[in-house]
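Reading through the structure tokens given below for one structure.
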Amino acid sequence: MKQKRQDTMNKIDVNEKLIVKDLHKHFGKLQVLNGIDTTVSEGEVVCVIGPSGSGKSTFLRCLNQLEEVTSGTIIIDGYDITDKKVNINKVRENIGMVFQSFHLFPNMTVKKNIMMAPVTLKKMTTEEAEKKAEELLTRVGLLDKKDAFPIELSGGQQQRVAIARALAMNPDIMLFDEPTSALDPEMVGEVLDVMKELAREGMTMIVVTHEMGFAREVADRVIFMDGGVIVEEGSPMEVFLNPRQERTQDFLKKVL
Amino acid sequence: MDFGRVLRDATPLLLEGLKLTIGVSIIAIAIGIVIGLFMCLMKMSKNGILRAIAAVYIWIIRGTPMLVQAFIVFFGFPQVIQLLSPSFRLDAFTAGIITLSLNAGAYLAEIFRGGIMAVPRGQEEAARSLGLSKSKTMIKVVLPQAFKVSIPSLVNQFIISIKDTSILSCIGLAELVNKAKTYVGSSYQFFSTYILVAAFYLVIISLLMILSNYVEKRFKYETKKTRHNE
């Protein structure tokens, strides 16, 4: 993966996949993130939970700079992505993102949705991208839908295509922003299954979610956020069964 | 009323005018699209000066009748330019194209802007998150979708522009209406002649509508199979 980076980037020698230092984000006067510090190791699955408005989605969106940070640093694979000199487009090629409402391209077929980025960014030839798309669609169980348009798919199917689309760039980190929140209950399972499979294969994943069952089962670590800070983090056992903070206890009482 | 005679005598004359109507329309719409795209991008730019220029242009064009715009371009501008270069002449054809393309450009700019704004923000975010630059996102993801949304308004504007060429008869452009006026001047066959003129317009605009229906169908985001099931 390293050769994908630009030579001009200053590499900082670290072992962690992702390091976040004192991250702040303000929208005008509204302070959404008030100093986030955390690290994520290679292959780790981190679930971020918390009440709405706690800043967890904003935190996730800062990690691929969909939101520009107000202050603080984010180091991914040793490169400080908040540095203005860093080519953010190159960085994003290695970070897949899955959105709450899928955001598939409605004017392209399922296969074209997946092929678009690798072909446009000249990472693959059309033939390679096509092969890759079919491979990924097989993986998410939707090969028979390859020529359908997004509008013809159910929500769960659309989200599985969106995951395949993000994987087409061969990212080494995947960000999930409430991937099952917009789905009908009976479709949540099929999407979570794909994500579990991905976790088993060793993908580094950061998942903002309300699916406590998923967090408990799959996460290596759970982060509880509230008021723009990390209130508590630890293994699912620690956070779910033995929360130390009162705010965590309150939240879990409401959602479990 | 002698419709047969009008059909026989006036048709060659009117066809000549029709040629000019179609020619001026196509050239002016093509230039108008370029002007419209530029003005749209200017109006959406971060630069306040560019935004202001586009806003003033659109404001003036939309706030004044095209007949007045045509008079200013054809009679007004030459008078000013002749102060500097006395030999300057502007023919009706050029003045007509300038007027119509400036006019269409203002409306098209707003149509394009509306189309771009109609594309959900998530589309841009999805493309950017995959590593596409801003411009590649615009070209690959936003503009194709914006175009689809804009098709009905675009066709509408093309229709208006084609019909507005008739206004240019007032500056002496020898288009369809102008030719008809010449013919009725000597034949006094008002009813038959103008009905014939109306029919000519109806035919071109119907052809355009057929074309636009075809384009709109081609841009449906569905496979053929599901469309049949509807």
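Every number in this text was worked out from the coordinates using simple rules, so none of it is lab data. Source: prediction; values computed, not measured. All Cβ positions, even for glycine, are placed from backbone atoms using ideal geometry, and neighbour counts span all protein chains on display.
Points to keep in mind about this one:
- Across peptide B:118-125, the mean count of Cβ atoms from other chains lying within 10 Å of each residue's own Cβ comes to 3.
- Among A:LYS146, A:LYS90, A:LYS111, residue whose mean-square fluctuation peaks in a GNM of chain A (springs only between Cα atoms under 10 Å): A:LYS90
- 3J(HN,Hα) couplings calculated from phi for region A:208-223 with the Karplus curve 6.51 cos²θ - 1.76 cosθ + 1.60 (θ = phi - 60°) are, in sequence order, 8, 8, 9, 7, 5, x, 4, 4, 5, 7, 9, 5, 7, 8, 10, 10 Hz; Gly and Pro show x.
- Where labels lie 7 Å past Cα in the beta-carbon direction, separation of A:LYS84 and B:PHE3 in nm: 7.4 nm
- Hypothetical label at A:LEU252: residues of region A:199-233 whose amide nitrogen lies under 12 Å (7 Å Cα-Cβ projection): A:216, A:222-224, A:232-233
- Looking at chain A alone, DSSP beta bridges between its own residues are antiparallel in about 55 percent of cases.
- Centre separation in Å (Cα based) which lies between region B:28-50 and region B:153-196: 30 Å
- Per-residue mean of foreign Cβ neighbours for B:153-162 is 0 (Cβ atoms of other chains, 10 Å radius).
- The label point for B:ILE160 and the one for B:ILE26, both projected 7 Å from the Cα toward the Cβ, are 2.4 nm apart.
- Neighbouring partner chain Cβ atoms per residue of B:138-147, average, 10 Å criterion: 2
- Within a Gaussian network of chain A (alpha carbon springs, distance under 10 Å), most fluctuating of A:GLU246, A:GLU42, A:GLU130: A:GLU246
- Peptide ranges A:101-109, B:112-120, A:72-80 listed from the most packed, as the mean C-beta count within 10 angstrom indicates: A:101-109, A:72-80, B:112-120
- Label-zone membership for region B:137-168, site B:LEU207, 7 angstrom Cα→C-beta point, backbone N under 15 Å: B:159, B:162-163
- Charge sum, other residues only, whose C-beta stays under 13 Å from A:GLY202's C-beta, Lys/Arg counted +1 and Asp/Glu -1: -3
- Taking other C-beta atoms within 10 angstrom as a stand-in for reagent exposure, B:LEU83, B:LEU132, B:LEU102, A:LEU143 fall in the order B:LEU83, A:LEU143, B:LEU102, B:LEU132, fewest first.
- Spatially near lysine pairs across region B:3-229, Cα under 14 Å, sequence gap of 8 or more or different chains: 7
- For B:LEU211, neighbours were defined as the other residues whose beta-carbon sits under 14 Å from its Cβ, and their charges (Lys and Arg +1, Asp and Glu -1) total +1.
- Anisotropy class of region B:3-229 from Cα gyration tensor, a/c 1.5 cut: oblate
- Under 17 Å from A:LYS29, Cα to Cα: aspartates and glutamates that are on another chain or at least 8 residues apart: A:GLU67, A:GLU68
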